[in-house]
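Readers should treat all values here as calculations from the given coordinates under stated rules, not as data from a laboratory. These figures come from a predicted structure and were not determined experimentally. Here Cβ is always computed from backbone atoms with ideal geometry, including for glycine, and neighbour counts include all displayed protein chains.
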Amino acid sequence: MNKLEQTTQELLEAGYTIEEIKAAFEEVIEQQAKQSSTDRETDN
């Protein structure tokens, strides 16, 4: 089991719904994408 699967399983066991987990992961991915593009702009 990879880290994403493990984390998802732990959150499900803690009572979160799959919809809540998916929304949270999507938010983190969006934040990381914004951070990556900001980092590239500062590197140039």
Inter-probe distance in nm under a simple model that places probes 7 Å from Cα toward Cβ, at E19 and D39: 3.3
Degrees, to the nearest 10: 18-43 long Cα axis against longest axis of the chain: 20
Tilt relative to the chain, helix 3-13 - C-alpha long axis, 0 to 90 degrees, to 10: 40
Matching label, mean projected area of the Cα convex hull in nm² computed from the structure shown, candidates (1) 3.6; (2) 4.0; (3) 3.1: (1)
